[in-house]
Amino acid sequence: MASTSRARPAPGGGRIVEIEPERLRRWVENFAARNGGIAAHHAEGNAWTIESNEGTSAGVRWALADGLPAGWLLDGDPLTAAERLSAYALEPRRIAVLLARKGAYSVGVLDDGRIEASKTGTAYVQGKTKAGGQSQQRFARRREGQAHAAEKRARDAAFAVLGSARFDSLVTGGVVDGILEDPRLAHLKPAAHFGDIAEPKQSLLTETAYRAIAFRVRVVPGGADLH
């Protein structure tokens, strides 16, 4: 599987890095090397907090669990804690994925990374036009109709695949609010959401499920507020 590591600015300062489970120990080693070693680490709420000797802090979170298993984080060695968390994230799970973007959708259930059931479709939704007057109104009505039809197909597909399926967590990507408003899907509550997705395809289901088990690490410089 290709690396899923991503970095972006964090609201309030610092940056957020997505670390794939297999690389967590190495990331902690590098964090320590870059910041003068690790002074302390502890579980706090649903995060594992690492504090360096230079004051930089890292808050490690995992979206699919109701907090991290704090008992595993009491070991004095942060590398041992990182290994335990990696093993925990890589345990076999059933993950449902729902993706939608610009008239395209893909929905599926994956068991330990293997797709068990899925549906993928693409519908044409006309872009905006620069025409004015009645032409603009006709284009707008046509575009609205196409968008409604595409959303209905996505809703029906989501219900067909997820309506009675058994899974541990639901992961969503793109623009799915309208799909999840379907009364038949009212019981579905996403555990993680990604707004920055490519065009939904079956292959993206696997990539998104793998991305969902990655760790989100917020890194802030010395003296900044981690929470």
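The numbers here are math on the coordinates, done by the rules we state, and not lab data. This is a predicted model, so every value here is computed, not measured. So basically every Cβ, Gly included, is an ideal-geometry build from the backbone, and we count neighbours across all protein chains shown.
So here's what we get for this one:
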quantity	calculated
For A39, distant residues with modelled amide H under 5 Å away	E51, S52, N53
Simple label model, 7 Å out from Cα along Cβ direction - A186 to Y88, nm	3.4
Label zone at R8 (point 7 Å along Cα-to-Cβ), backbone N below 15 Å, region 176-207	176, 192-199
Region 159-211: equivalent-ellipsoid semi-axes (sqrt of 5 x gyration tensor eigenvalues, Cα, Å)	18, 13, 11
Gained length - R166 relative to R26, 0.36 nm times residue gap less alpha-carbon distance	47.0 nm
Length-normalised contact order of region 160-206 in % [C-alpha pairs under 8 Å, at least 6 apart]	41
Gain on full stretching of the segment that runs from K201 to R15 - 0.36 nm per residue minus C-alpha separation	64.0 nm
Around D156: net Lys/Arg minus Asp/Glu count, Cβ-Cβ under 13 Å	+3
Two-site label geometry, A39 and R114: point separation in nm, points 7 Å out along Cα→Cβ	4.9
